[in-house]
């Protein structure tokens, strides 16, 4: 039981750090290596802010419809 109490928070910290670092590297690469410069990260950021909740909403509706 103690192992899970240590393992689960440690894994969550590692996962969040990996996603954060990955997004940071992506945003920096988009700014430096694309002709869009500062607009590249802005477009990807807006797509994440709008797209992920929209995708979650669509998937939630599909799973609720199939459960009925």
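The values are calculated or read from the model by the stated rules, or taken from the named source; none is laboratory data. Computed from a predicted model, the values in this text were never measured in an experiment. Here Cβ is always computed from backbone atoms with ideal geometry, including for glycine, and neighbour counts include all displayed protein chains.
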Taking residue 23, is it out of contact with any helix residue (DSSP H, G or I) (no Cβ under 9 Å at 6 or more places or on another chain) and at pLDDT 95 or above?
no
In region 26-53, which residues are in contact with a helix residue (DSSP H, G or I) (Cβ under 9 Å, 6 or more places away or on another chain) and not in a helix (DSSP H, G or I)?
34, 36, 37, 38
Applying the selection to region 35-68, what residues are more than 21 Å from the chain's Cα centre (by Cα) and surrounded by 11 or more Cβ atoms within 10 Å (Cβ to Cβ)?
36, 37
